[in-house]
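The values are calculated or read from the model by the stated rules, or taken from the named source; none is laboratory data. Remember, it's a predicted structure, so these values are computed and weren't measured experimentally. Neighbour counts are summed over all protein chains in view; Cβ atoms, including those assigned to glycine, are modelled from backbone coordinates with ideal geometry.
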Amino acid sequence: MDEVALLQNYLVVGAFLFGIGLVGFFSRRNMIVIFLSAEMMLQGVSVSLVAWGRFHNNWGGQMLVIFILTVAACEAAIALAVVLTLFHKGGSLDIALWQQLREDNQPAYVDHEVPEGDDAEKRWPRLTPSGIEPEPDLEDLTHRAHV
Amino acid sequence: MSGSIPFLLILIPSLPLAAAVITAVFGRSMLKENSHRPIIVALVGSFMASLLLLSQVHHRSASSEGVGWETTIDLWNWVRIDDALATPAAAQPVPEQGMAALPPALPFRIDVTLRADALTSIMLSMVTFVASLVAIYASGYMHGDRGYWRFFSYIGLFVFSMTMLVSVSNFVLLYVFWEAVGLCSYLLIGFWYEKPEAAAAGKKAFLVNRVGDFGFALALFFIWTTYGTLNFHDAEGIAGILGQTRLAQPEVYVGGGIATAICLLLMLGACGKSAQFPLHVWLPDAMEGPTPVSALIHAATMVTAGVYMVTRCTPLFMMSPTAQTVVALIGFTTACIGGVIAMTQTDLKRVLAYSTISQLGYMFLGLGVATLGGITAGMFHLFTHAFFKALLFLGAGSVMHSMGGVIDMRRFGGLRRLMPTTHWTFLFGCLALAGVIPFAGFWSKDAILAAVYERGHEEALFYWLYWGGVVIAFLTATYTFRAFFLTFYGDERVPHEAGHHAHESPPAMTFPLIVLAVCSLLVGAYFEFTHGFAEFIAHTPSLAYEAMHAHAGAHDSASHVLIGAIGTVVALAGIGVAAFLYLGDPTEVMALRRLLSPLYWLSHGKLFFDQIYDVLFVWPLRMLAQISYWIDRNVIDALVDLVGRIPLVLAAGLRSLQSGMVQFYALAMVWGIVVLIATLLIWPALGASWK
């Protein structure tokens, strides 16, 4: 495999890692998961740094990655401590609890409750059963799995 | 002993200053009820030094010839600005004097220089003497006051300023200490600042004085541009305004319109400080201050600063006969106004205040005569007046002290048995003020009237002023003894505020009264018979002016005796009228009051000066202030607020971005980076296409 193709592969992997991290960072509300997503973005960047370092025959990339790992370790300690404190204060890991920095005249973001009461009355379309009708699972009928 | 004059000159002001600083720093925490001690020690020390200085100056002056005797000490140079003014013609030295020609531009310099001459040493002795006695008196009078230390600190500061005022040798420094005594006056009038009347009176005194000081400042500007220096004495080859070089050559003084303008503006300053018409309105209100202050500042010393200044500037006034006539007329008008208003006032201190105004008017009348006799008589009256007016005020304070703060003569009476010492000393003061032979006031007032009368030979105006002066002397005797009889004679009445206080004042207060009473009896006669005062003061360089001696006519001793006789008769008549009206049955007073009801109304209303000034100056200024306030609130503030709202409006859109959601911020950041990178990528392409 030539050097350019190797670099491209590495870069693609790094970009994927970074992208997954970014999407996770935007979409998740659990602080620990957000933190993990951030770490993932960091690793994506580290992979591309290593790739570039190898490509250029320059140890700077590798060195920087080691450095990033060190910093990330420290940062993890601090971040987890902060998360722990926030959890103690808020009683939840949900990031949406912490919106105090918004402007005074901005409405707070509130979760829209998923309507629950109507479920029983709702008629769900049913496929015509085929074969032997299975025993209805009572547990499954009365209890809706948590989202 | 010759070397001690500089030492004494520095010592006299520094002692009160040091004491004032000590009292101000340690008074509250350590000295407390002993705050009077450093001040009294310093003032007595200053007085002793002044006496030494006086004797030395007297010794030197007696042997001097020509344009008098003076000595100056340069302490330091305060300001020096080179090439400040193109040399005016009047600043060029006289060729005969052999002085080098001046450069084309003169430096502006303020030298801190003290001077000793006859006028200064007399003023220093008088100020420190009265101040020492008043400080001793105040240690009894102010006893128990919360601001005891503050009071004495102010007194020390005042004496420092006043002694500096009379001993500096530069117009700017004169102005500085002129303001400093004004400040002390303000602080002491408003000493009981929690009392609204006292605070208002202090403010009024300060503002009215400001009008006069404005004129004084303009006069200084004129003097500077005309003569190119502000020093009294010759310094660094530039002939001082009142220096030996110039005095020996009177023709180098500038005459005409400029001289008149300078003198009238100086007189405006003197009017403010010495409470002359039309700026006399502050002095009666100044009686809101503690009585020792009224005695020291508003009767004996500070208000005479104007008289001192005009006397000091005699050579300038000599160049403008118009200004001299104005001085005489202002003095006469003020004497009339003061005398008329004092007739009907019911507040003992206020009677004395108007009498002070009236007597200051006499002094200016004397100065306006513009002969050596007139000016020395004016200064002589200043000197004797200081003793008996301080005495009268301190006596009034003693009455006030024992009456529990009541000073309205309608509420007490017949106090002669309760307060024998105050009664007798007050009587001495009244006799001196009324001008009864042989008390001090007789000699000085007589000297002024004689000078006015002699000038009347040349100008008919002064003849009329003389007779006017005689009438005022009659008024003086009447209102003085009216106050005396109302306070000390008749049925014994004591206001309920007095409580168990109604007795003679403590020795600390009666001792100064006795000393001053003796002085009121003796100083006039002593100086009259030794001819010491006029001769001594004529050795002041300003007064040893050649042109003045030409003015002085032959001393007409026959008419002098006649004038003295008229004065005595008038004074006795005034006392007689007062005795007739106010001893015993008050029906005559009532009858007279009905007979002269318009006059009574005018006099009792203080000729309505306050109301007239209210309408003419205070209300328009208030309205202007209201309008300015409105404009400030509604136009200027509105503009500023408008500018302040612009960012607010601009920010309203951006505010919605601040949602407080962490993910949103992260998204914004990523979008920002995306936009930046996109720009970086696209921009060179765009730039290349444009090229």
Point to revise | Meets criteria (more than 14 Å from every other protein chain (Cβ to nearest Cβ), assigned to a helix (DSSP H, G or I) and hydrophobic (A, V, I, L, M, F, W, C)) for B:ILE673 | key: no
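Which residue out of B:TYR613, B:TYR629 is out of contact with any strand residue (DSSP E or B) (no Cβ under 6 Å at 6 or more places or on another chain), more than 30 Å from A:ARG29 (Cβ to Cβ), in contact (Cβ under 8 Å) with a residue 24 or more places away in the chain and away from chain A (no Cβ under 14 Å)? Write out each step before concluding.
Values: B:TYR629 fails: in contact (Cβ under 8 Å) with a residue 24 or more places away in the chain.
Answer to the check: B:TYR613.
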Point to revise | Flag if B:HIS298 is assigned to a loop (DSSP other than H, G, I, E, B) and out of contact with any strand residue (DSSP E or B) (no Cβ under 8 Å at 6 or more places or on another chain) | key: no
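Just name the residue that is surrounded by the most Cβ atoms within 10 Å (Cβ to Cβ) out of those in the range B:368-402 that are over 22 Å from the mean Cα position of the chain (by Cα) and at pLDDT 85 or above.
Filtering the range B:368-402 down to residues over 22 Å from the mean Cα position of the chain (by Cα) leaves B:371-373, B:398-402.
When the remaining residues are screened for being at pLDDT 85 or above, the result is B:398-402.
Numbers: B:SER398: 28, B:VAL399: 25, B:MET400: 20, B:HIS401: 24, B:SER402: 22.
That would be B:SER398.
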**Study point:** Positions within the range A:23-37 being within 11 Å of another protein chain (Cβ to nearest Cβ) and either among the basic types (Lys, Arg) or over 8 Å from the mean Cα position of the chain (by Cα) (or both), in sequence order
**Key:** A:ARG28, A:ARG29, A:MET31
Exercise for review: May I ask you to list the residues in the range B:650-661 that are within 11 Å of chain A (Cβ to nearest Cβ) and either touching a Cys at 6+ places or on another chain (Cβ under 6 Å) or over 13 Å from A:ARG102 (Cβ atoms) (or both)?
Suggested key: B:ALA651, B:ALA652
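Within the range B:314-368, work out how many residues are under 30 Å from B:TYR600 (Cβ atoms) and part of a helix (DSSP H, G or I). Before you say what the answer is, go through the steps one by one.
From the range B:314-368, those under 30 Å from B:TYR600 (Cβ atoms) are B:328-365; that's our starting set.
Next, from what is left, pick out any that are part of a helix (DSSP H, G or I): B:328-342, B:348-365.
Here the count works out to 33.
To keep it simple, each residue is scored yes or no on (1) over 19 Å from B:MET343 (Cβ atoms); (2) at pLDDT 90 or above; (3) out of contact with any Gly (no Cβ under 8 Å at 6 or more places or on another chain); (4) in a helix (DSSP H, G or I).
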| residue | (1), (2), (3), (4) |
| --- | --- |
| B:ASP446 | yes, no, no, yes |
| B:THR476 | no, yes, no, yes |
| B:TYR479 | no, yes, no, yes |
| B:PHE484 | no, yes, yes, yes |
| B:THR487 | no, no, no, yes |
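Out of curiosity, is B:LEU283 touching a residue at least 24 places away in the same chain (Cβ under 8 Å), part of a loop (DSSP other than H, G, I, E, B) and either under 23 Å from B:ILE337 (Cα atoms) or touching a helix residue (DSSP H, G or I) at 6+ places or on another chain (Cβ under 6 Å) (or both)?
Values: touching a residue at least 24 places away in the same chain (Cβ under 8 Å): yes; part of a loop (DSSP other than H, G, I, E, B): no; either under 23 Å from B:ILE337 (Cα atoms) or touching a helix residue (DSSP H, G or I) at 6+ places or on another chain (Cβ under 6 Å) (or both): yes.
Taking the combined requirement at face value, the residue does not satisfy it.
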Exercise for review: For the range B:595-611, indicate whether the set of residues that are at pLDDT 80 or above, loosely packed, with under 10 Cβ neighbours inside 10 Å and assigned to a helix (DSSP H, G or I) is non-empty.
Suggested key: yes
Review point. Hey, B:GLN249 hits all of (1) modelled with pLDDT under 90; (2) over 22 Å from B:VAL369 (Cα atoms); (3) touching a helix residue (DSSP H, G or I) at 6+ places or on another chain (Cβ under 7 Å); (4) of a type outside the set (Asp, Glu) but one; which does it fall short on?
Key: (3)
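Being in contact (Cβ under 8 Å) with a residue 40 or more places away in the chain and over 11 Å from the mean Cα position of the chain (by Cα) is the filter here; which residues of the range B:196-205 pass it?
Scanning the range B:196-205 gives B:GLU197, B:ALA198, B:ALA200, B:ALA201, B:GLY202, B:LYS204.
Can you pull out the residues in the range B:460-470 that are surrounded by fewer than 21 Cβ atoms within 10 Å (Cβ to Cβ) and touching a residue at least 40 places away in the same chain (Cβ under 8 Å)?
Residues of the range B:460-470 that are surrounded by fewer than 21 Cβ atoms within 10 Å (Cβ to Cβ), as a first pass: B:460-461, B:463-464, B:467-468, B:470.
Across the range B:460-470, the qualifying residues are B:LEU461, B:GLY468, B:VAL470.
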Practice item. Please indicate, with yes or no, whether at least one residue in the range B:680-688 is away from chain A (no Cβ under 14 Å), among the β-branched types (Val, Ile, Thr), farther than 30 Å from A:ARG28 by Cβ and over 60 Å from the mean Cα position of the chain (by Cα). Key: yes
Review point. Is it true that some residue in the range A:6-19 is within 14 Å of another protein chain (Cβ to nearest Cβ) and under 30 Å from A:ASP111 (Cα atoms)?
Key: yes
Review point. Being of a type outside the set (Asp, Glu) and in contact with a helix residue (DSSP H, G or I) (Cβ under 8 Å, 6 or more places away or on another chain), is that true of even one residue in the range B:628-645?
Key: no
Exercise for review: From (1) surrounded by fewer than 20 Cβ atoms within 10 Å (Cβ to Cβ); (2) closer than 22 Å to B:LEU8 by Cα; (3) among the aromatic types (Phe, Trp, Tyr), pick out the condition that doesn't hold for B:PHE158.
Suggested key: (1)
Check your understanding: Considering the range B:30-76 alone, what residues qualify as being more than 30 Å from B:ALA235 (Cα to Cα), surrounded by fewer than 20 Cβ atoms within 10 Å (Cβ to Cβ) and of a type outside the set (A, V, I, L, M)?
Key -> B:LYS32, B:GLU33, B:ASN34, B:ARG37, B:GLY45
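Conditions (1) more than 30 Å from A:ALA38 (Cα to Cα); (2) part of a helix (DSSP H, G or I); (3) within 14 Å of chain A (Cβ to nearest Cβ), marked per residue:
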{"site": "B:VAL640", "(1), (2), (3)": "yes, yes, no"}
{"site": "B:VAL643", "(1), (2), (3)": "yes, yes, no"}
{"site": "B:LEU648", "(1), (2), (3)": "yes, yes, yes"}
{"site": "B:GLN663", "(1), (2), (3)": "no, yes, yes"}
Point to revise | Extreme residue, surrounded by the fewest Cβ atoms within 10 Å (Cβ to Cβ), among residues of the range B:239-258 that are in contact (Cβ under 8 Å) with a residue 60 or more places away in the chain and within 11 Å of B:ALA90 (Cβ to Cβ) | key: B:GLY255
**Study point:** Top-ranked residue in the range A:76-111 [being without any contact (Cβ under 8 Å) to a residue 40 or more places away in the chain and small (Gly, Ala, Ser); ranked as nearest to the other protein chains (Cβ to nearest Cβ)]
**Key:** A:ALA108
